[in-house]
1. Is the shape of segment 51-130 best called rounded, prolate or oblate, per the rule: a/c under 1.5 gives rounded, else a/b larger than b/c gives prolate, else oblate, with a ≥ b ≥ c the square roots of the Cα gyration tensor eigenvalues?
2. Can you give the FRET efficiency to the nearest 0.05 for Leu111 and Asp44, using r as the Cβ-Cβ distance and R₀ = 30 Å?
3. Using 0.36 nm per residue, how much length does the chain from Ile66 to Lys8 gain when fully extended, once their Cα-Cα distance is taken away?
4. Along the positive direction of the dipole of the chain (beta-carbon charges: Lys, Arg +1; Asp, Glu -1; about the Cα centre), which of Thr79, Ser91, Ala29 reaches farthest?
5. For segment 1-115, rounded, prolate or oblate, judged on the Cα gyration tensor with a ≥ b ≥ c (square roots of eigenvalues), a/c < 1.5 rounded, else prolate if a/b > b/c?
6. Where does the chain land at 222 nm, in deg cm²/dmol rounded to the nearest 500, when only DSSP H runs of n ≥ 4 count, each adding -39500 (n - 2.57), divided by all residues?
7. Given the protein chains as shown and a 1.4 Å probe, how many square angstrom of Thr36 are accessible, to the nearest 10?
8. Which of the peptides 63-71, 45-53, 92-100, 18-26 is most tightly packed, and how do the rest follow, going by the mean number of other Cβ atoms within 10 Å of each residue?
Amino acid sequence: MFVIERRKCLLLVHADTLFSVLDVDVRVAQLDDLGTYVATRVVDALTSEGLTGTALGPTDPARLRIAKTASRSVLGHMTEMSFDAQYLIGSGGGLGVADVDDVNRRLRRHLRGRGGDYVVPLELASARSA
């Protein structure tokens, strides 16, 4: 979680593909059933990109594994993505007028350095679903 304009934002990142889902203005009550919340956001994000809802793995809230990562690489990518999101939202006029769907699309298409290569998270997610 991080804050933009005094509103809580949640960034979810799939560790293997770096496919991200940014949700803004998150309320604590929304997170009461975290599995359902995450599964719904991930499936919506995948289908908005033309992928199957299970492209990254099972989406049954009961089987969904949500974990903190110990990977400094993934943490670094998440930090970079949060800065990118803050910049994109700020340059888009702020949370009140910014197109969060566009911010998500741009985050998923941004080149990321990984293991000596450059990857695009959306392409990695697409390859997993093929």
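The values are calculated or read from the model by the stated rules, or taken from the named source; none is laboratory data. Every value quoted in this text rests on a predicted model; they were computed, and no experiment measured them. Cβ placement follows ideal geometry from the backbone for every residue including glycine, while neighbour counts extend to all protein chains displayed. Just the protein is used for accessible areas: all its heavy atoms, side chains included, with ligands, DNA and RNA removed. Shrake-Rupley method; radii C 1.70, N 1.55, O 1.52, S 1.80 Å.
1. Judged from the Cα gyration tensor, segment 51-130 comes out prolate (a/c at least 1.5, a/b above b/c).
2. On the way: r = 24 Å, r/R0 = 0.81.
After rounding, the FRET efficiency stands at 0.80.
3. 19.0 nm
4. Value computed over the given set: Thr79.
5. Verdict is rounded for segment 1-115.
6. Mean residue ellipticity at 222 nm (helix-derived): -13500 deg cm²/dmol.
7. 60
8. Final packing ranking: 18-26, 45-53, 92-100, 63-71.
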